[in-house]
1. Which residues make up the longest stretch of the chain that has no trypsin sites (Lys or Arg not before Pro) in a DSSP loop with at most 10 other Cβ atoms within 10 Å?
2. Could you list Ser136, Ser56 so that the one with the fewest beta carbons within 10 Å of its beta carbon is first and the one with the most is last?
3. Once phi is turned into ³J(HN,Hα) by the Karplus curve 6.51 cos²θ - 1.76 cosθ + 1.60 with θ = phi - 60°, what whole-Hz value does each residue of the stretch 71-84 show in order, with x for glycine and proline?
4. Computed over the Cα atoms of the chain, what is the convex hull's projected area averaged over all directions, in nm²?
5. Find the centroid of the Cα atoms in the stretch 4-28 and in the stretch 92-123, then give the distance between the two in whole Å.
6. From the backbone phi of the stretch 150-165, what are the Karplus-calculated ³J(HN,Hα) couplings (6.51 cos²θ - 1.76 cosθ + 1.60, θ = phi - 60°) in whole Hz, Gly and Pro given as x?
7. What is the gain in length, in nm to one decimal, between Arg87 and Ala153 on full extension, counting 0.36 nm per residue of separation less the C-alpha to C-alpha distance?
8. Around Leu103, under 12 Å between beta carbons, what's the net of Lys plus Arg minus Asp minus Glu among the other residues?
Amino acid sequence: MFVITHALAPVVVTNALSALQLTRASTSRLFTNAQLIMIGIAGAAPDLLSPHWKLSARLQSPTHTIWFLLGIYPVCLLVGRWLGQPRPWLIAHCMWLAVLLHLICDALAGGIAWVYPLNQEILGGQYVPLPLWFLSDAGFFAITVFLQRWVSALEMKRDGELLMERHGSKSSLSFSSTPRGMRSS
Ligand SMILES: [Zn+2]
């Protein structure tokens, strides 16, 4: 698959969780935009660190192996701890799962030499034809834009409700603190 799908697929999943949380009357979204970008970069990392066009090059790529998946785990923990506040563990594991998702997608779209350079055993096969790769990029781009707008709309709605609540509690407070004689009957 292309790098756009690898970057946006985990962003779509995590942003959908943000939207779900906001629809359940939460006060804040689960992932900030900066954290979504971090997760997207993690999803694209195997291709960014080992750029290639041909399948044969991917099958010799050190970033499309189990070794890379294991090696990137502590890096995700460090980056999550550094930039993933207030949920460092969640962000770190979402980043690592984004890398895992990349390898699974590539395994379904041509395969990966998962234990390279120990041997050339291929995991997966060509289950997703090339035309679908373009469709996948376009689809994930459209869903990303839709989700981003939806989450923003949910946040605006929640902010409006919070403002109304505060305004309501303030006016009831000022009403109750008004001297009795000044209240209209
Ligand atoms: Zn790849």
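Any read-out appearing in this document is the output of simple, stated calculations on the displayed coordinates, not a laboratory observation. It should be emphasised that the depicted structure is a prediction, and the values quoted were computed from it without experimental measurement. Ideal geometry is used to build each Cβ from the backbone, glycine not excepted, and the neighbour counts take in all protein chains shown.
1. Working: sites that count: Arg24, Lys54, Arg183.
Within the chain, the longest run free of exposed trypsin sites (Lys or Arg not before Pro) spans 55-182.
2. Numbers: Ser136 20, Ser56 10.
In order of increasing Cβ crowding within 10 Å: Ser56, Ser136.
3. x, 7, 4, x, 5, 4, 4, 5, 5, x, 5, 6, 10, x
4. 13.7 nm²
5. Using only Cα atoms, the two centres lie 24 Å from each other.
6. Per-residue couplings from phi come out as 5, 4, 4, 5, 5, 5, 5, 4, 5, 4, x, 5, 5, 4, 5, 4 Hz.
7. 21.4 nm
8. That works out to -1.
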